[in-house]
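To start, the structure itself, in structure tokens.
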């Protein structure tokens, strides 16, 4: 039925087991979100391997943030003859692997996970749903076929903690179960939320059987160098005897009981299918089927109402507006300014959600401080951090794309005074050594101990790729912002302001083409004037006179932005040689390498502990989002060849069956087989592939 509503079902292919105990789906994961930043996620096999794997990670008001509330369910099947099998996370039940039943099939229907189990003529399907904008999960089991009655037992396992906490955090917590008729509540301490449980189904009952499982292993955490053993607690188990056609649903929630009971499981499911069908109907025709339709549903996972920042919601409502933001990636990222602005077009404008684009832009406008938008909002905190040199410049790009598509001059006029101040602050100098060099009108940035560009890996005090100086993409974005500002001021009848900005832009372009061309390599320097004075106050305006320094000839993808933006700063005569180098040395089937092979710091794989991973994060590792600027630049050289440009996106299609099924990962190894790494689902990866897919129709 769901496939008929959405026209979209992805069945994960069955794979041969290399040995009897191997699980082909241990590293394949699924993700369901709730529009608030909360989510459920796990492996296709059911094994819990990450600290972030759980059936209900609730998004709660600050300072709580996102909380792990229901870690998993042990599912016990007792067949009519007395045979007992377990499905899913056998580590919760402490049973040997030979007593487990693997799923015969896993599929996504309209973006939601479905497992199918088959044994002795019984066929049972499990579905999982998070009702939109609720911290609630529904796990539904339907017995499709079987001769006789099958007893299903469901044992919830919990460990209340921040989803970012180590798996052994708060292992000594004591839980209390309270029961009132069919309502079950689990509490821990007064500063943590209550988990509410109830079950819908025939002959359902609960058996109190407290159990604690110690030393539960989290394999992925171990491989990443983190604490990897924790404990899980269970109050008992629910059970129900099912005949063919019977259905049972376990509900878990941090919402009040009135909200939990407001919709039956069937009604909640129908409403969610209607919402998902509406998302596809609102997208352009070329994004309503196939791979693009899957990406439309994936894009929805990142657009959220940030419930943690109550003041944002109150202020927006007072202005007759709504507050929206973008989760940069699951599982661990919050909303980042840079990621939001790069993702905005693909997540909203490409999917027909123009209103939400406006809400996001107006939300971030409120947070402009000293000419900067926030780099990120840390988990559980109200105030943003501003250590970024490019997020604010991407804001100009996102706003331009929004206004061009919607014609919303009201929003532009509302924000324009802040844009004027942003440009002025950049000309005079602002935090973190960000400011225009009056000698050449180029933008420089750099402060000791800070990573200010998108290549922002930092371990302790080690900034892996500091790129202090005049970075190539920062100046491409700076020129683009200046030209946009010139146009907007002229439209606002501020001719004097437009002329002033235009003159600065002209100087910046001349300086860029003179300074950034690396003749020996036939491409652009990544950073020029690298000896930036970093002894500056990072919280106040500064007008540091930077001495000229060295130039960094590392071959990186950042130079593509000098061509791809709406106002390209690079002279057109140099587009082809730059793109030739990028294509030959950086292009892969799943994005662009962050550093060309052969460079001294090049790393072919992104793996190991945090220090090892961050050492490789921008030193060769492939980033999916960079395919967007690459396609934009390629089409400028090959106008009208959109069909040919589609070839650069087809490598992502097989990836839909990897890591996070139906979504796109953050990064990939730099060489074949381009193993997906990092966040299992990344906003700008999905956004840029979707945007370019529609663009290359």
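The values are calculated or read from the model by the stated rules, or taken from the named source; none is laboratory data. Treat the numbers as computed from the prediction; the structure is a model and nothing was measured. Neighbour counts are summed over all protein chains in view; Cβ atoms, including those assigned to glycine, are modelled from backbone coordinates with ideal geometry.
Residues in the range 431-480 that are closer than 13 Å to residue 504 by Cβ and touching a strand residue (DSSP E or B) at 6+ places or on another chain (Cβ under 6 Å): 436, 437, 442, 443, 475, 478.
Every condition in (1) over 23 Å from residue 394 (Cα atoms); (2) more than 22 Å from the chain's Cα centre (by Cα); (3) part of a helix (DSSP H, G or I) is met by residue 613 except one, and the failing one is (2). Residue 287 meets the conditions (1) surrounded by fewer than 22 Cβ atoms within 10 Å (Cβ to Cβ); (2) over 30 Å from residue 49 (Cβ atoms); (3) touching a helix residue (DSSP H, G or I) at 6+ places or on another chain (Cβ under 8 Å) in every case but one. The failed one is (1). Checking each residue in the range 186-211 for being closer than 20 Å to residue 59 by Cβ, free of Cβ contacts under 8 Å to residues at least 40 places away in the same chain and assigned to a strand (DSSP E or B) picks out only 187.
The residues on offer are 476, 496, 481, and the sole one that is surrounded by fewer than 17 Cβ atoms within 10 Å (Cβ to Cβ), assigned to a helix (DSSP H, G or I) and at negative phi is 496. Can you confirm whether the range 579-600 contains a residue that is crowded, with 21+ Cβ neighbours inside 10 Å and in a helix (DSSP H, G or I)? Looking through the range 579-600, at least one residue is crowded, with 21+ Cβ neighbours inside 10 Å and in a helix (DSSP H, G or I).
Results for (1) over 30 Å from the mean Cα position of the chain (by Cα); (2) buried (at least 16 other Cβ atoms within 10 Å of the Cβ); (3) under 17 Å from residue 72 (Cβ atoms), shown as yes or no for each residue.
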residue: 165; (1), (2), (3): no, yes, yes
residue: 190; (1), (2), (3): yes, no, no
residue: 201; (1), (2), (3): yes, yes, no
residue: 206; (1), (2), (3): yes, yes, no
residue: 224; (1), (2), (3): no, yes, no
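Inspect the range 438-451 for any residue being closer than 24 Å to residue 350 by Cβ and touching a helix residue (DSSP H, G or I) at 6+ places or on another chain (Cβ under 9 Å) and give the result as yes or no. No, that holds for no residue. Inspect the range 3-22 for any residue being at pLDDT 95 or above and not assigned by TED's automatic domain parsing to the domain that holds residue 324 and give the result as yes or no. Scanning the range 3-22 turns up no residue that is at pLDDT 95 or above and not assigned by TED's automatic domain parsing to the domain that holds residue 324.
Restricting 412, 385 to residues that are within 18 Å of residue 491 (Cα to Cα) and surrounded by fewer than 21 Cβ atoms within 10 Å (Cβ to Cβ) narrows the list to 412. Of the residues in the range 296-307, at least one is part of a strand (DSSP E or B) and crowded, with 21+ Cβ neighbours inside 10 Å.
Scanning the range 667-697 for residues that are assigned to a loop (DSSP other than H, G, I, E, B) and closer than 18 Å to residue 587 by Cβ yields 669, 670, 671, 672, 673, 674, 675, 696. Scanning the range 308-338 for residues that are touching a residue at least 24 places away in the same chain (Cβ under 8 Å), under 29 Å from residue 273 (Cβ atoms) and in a helix (DSSP H, G or I) gives a single hit, 316.
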